[in-house]
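Q: After the structure tokens below, expect a handful of questions from me.
The values are calculated or read from the model by the stated rules, or taken from the named source; none is laboratory data. Everything numeric here is computed off the predicted structure, so don't read it as measured data. No Cβ is skipped: glycine too gets one built from the backbone with ideal geometry, and neighbour counts run over all protein chains shown.
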């Protein structure tokens, strides 16, 4: 993998993602004794169980790294090598930072800890996702499922987290488990709301320059376009209706390129929940 300016930007964002996530973990998760989502939550349960029931102390980073081995192999083979490499850097740095950073709680209010800890955790993960990397663990699984299903799968992460919380409630404290639900909900909502890669939009494009518009669109993305002959009911002018589905993060670029070809174009953008059939997902590499 050759190093270029894009890789340097991705690396900087991954480092920032690791620092922010680790800061949230040491400041909020440890302060409130919460159980974060995903593999970090599973690692926390394993560590606290060994300390409580066996008197064995293991660093969080070591357990977190071990849990990520299997999902890393999955995404390396099926999602993309570049994505996997930067994700490995992210969760390795997270393991390192959570080991060396001291705990510094800033409040004792469990509700504030749950809400703001979840927001910071979600934002840290979102930074990695924005540059086609991830924090590993359940992010790997969610992205793999999103590619296969052609729709966002982050809500399924919440189901996995629910199992973690039920287990934590039985083993330790139902009160802490319930506050952890708030933490995980805030984190998942930040990611689900702001991460656009697997959200889909329909574009309805009415233009007199359909051939030129189609050629321009194909320069920017590889999605199919359906062309329908149409006529303006008021002007009685012959036009074409172009219909296509694109990822939400591509919408602004496509609209901008179309407007340069036909300044009089009319475009309607709508959301779509899911598509069935052959749909090209831009690779993460």
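Q: Any idea which of (1) loosely packed, with under 15 Cβ neighbours inside 10 Å; (2) at pLDDT below 90 is the one residue 249 doesn't satisfy?
A: Only one criterion is unmet by residue 249, namely (1).
Q: Let me ask something else about it. Within the stretch 251-273, work out how many residues are in contact with a helix residue (DSSP H, G or I) (Cβ under 8 Å, 6 or more places away or on another chain) and either on the phi > 0 side of the Ramachandran plot or in a loop (DSSP other than H, G, I, E, B) (or both).
A: Total meeting the criteria: 2.
Q: Kindly establish whether residue 147 is at pLDDT 85 or above and either part of a helix (DSSP H, G or I) or closer than 16 Å to residue 87 by Cβ (or both).
A: The answer is no for residue 147.
Q: Would the stretch 165-183 turn up any residue that is surrounded by 22 or more Cβ atoms within 10 Å (Cβ to Cβ) and within 27 Å of residue 273 (Cα to Cα)?
A: Within the stretch 165-183 (the criterion being surrounded by 22 or more Cβ atoms within 10 Å (Cβ to Cβ) and within 27 Å of residue 273 (Cα to Cα)), the answer is yes, since at least one residue qualifies.
Q: Taking the condition within 18 Å of residue 104 (Cβ to Cβ), touching a residue at least 12 places away in the same chain (Cβ under 8 Å) and surrounded by 19 or more Cβ atoms within 10 Å (Cβ to Cβ), does residue 40 pass?
A: When the stated conditions are applied, residue 40 does not pass them.
Q: I'd like the full set of residues that are surrounded by fewer than 20 Cβ atoms within 10 Å (Cβ to Cβ) and touching a residue at least 40 places away in the same chain (Cβ under 8 Å), limited to the stretch 201-214.
A: Passing the criteria: 201, 202, 204, 206, 208, 209, 212.
Q: Can you confirm whether residue 136 is touching a helix residue (DSSP H, G or I) at 6+ places or on another chain (Cβ under 9 Å), part of a helix (DSSP H, G or I) and buried (at least 17 other Cβ atoms within 10 Å of the Cβ)?
A: no
Q: Could you list, in sequence order, the residues of the stretch 233-242 that are assigned to a loop (DSSP other than H, G, I, E, B) and touching a strand residue (DSSP E or B) at 6+ places or on another chain (Cβ under 6 Å)?
A: Scanning the stretch 233-242 gives no hits.
Q: Run residue 175 past the list (1) modelled with pLDDT of 85 or more; (2) assigned to a loop (DSSP other than H, G, I, E, B) and report the number of the one that doesn't hold.
A: It is condition (2) that residue 175 fails.
Q: Find the residue count for the stretch 202-226, including only residues that are within 19 Å of residue 272 (Cα to Cα), in a strand (DSSP E or B) and in contact with a helix residue (DSSP H, G or I) (Cβ under 6 Å, 6 or more places away or on another chain).
A: 0
Q: Residue 46 is checked against (1) in a helix (DSSP H, G or I); (2) in contact (Cβ under 8 Å) with a residue 24 or more places away in the chain and fails just one. What number does that condition carry?
A: (2)
Condition check ((1) more than 19 Å from the chain's Cα centre (by Cα); (2) crowded, with 18+ Cβ neighbours inside 10 Å; (3) not assigned by TED's automatic domain parsing to the domain that holds residue 158) across all residues:
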| residue | (1), (2), (3) |
| --- | --- |
| 18 | no, yes, no |
| 25 | no, yes, no |
| 49 | yes, no, no |
| 56 | yes, no, no |
| 59 | yes, no, no |
| 75 | no, yes, no |
| 78 | no, no, no |
| 88 | no, yes, no |
| 92 | no, no, no |
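Q: Anything in the stretch 53-76 that is part of a helix (DSSP H, G or I) and either in contact (Cβ under 8 Å) with a residue 24 or more places away in the chain or under 20 Å from residue 103 (Cα atoms) (or both)? List them, or say none.
A: 60, 61, 62, 63, 64, 65, 67, 71, 72, 74, 75
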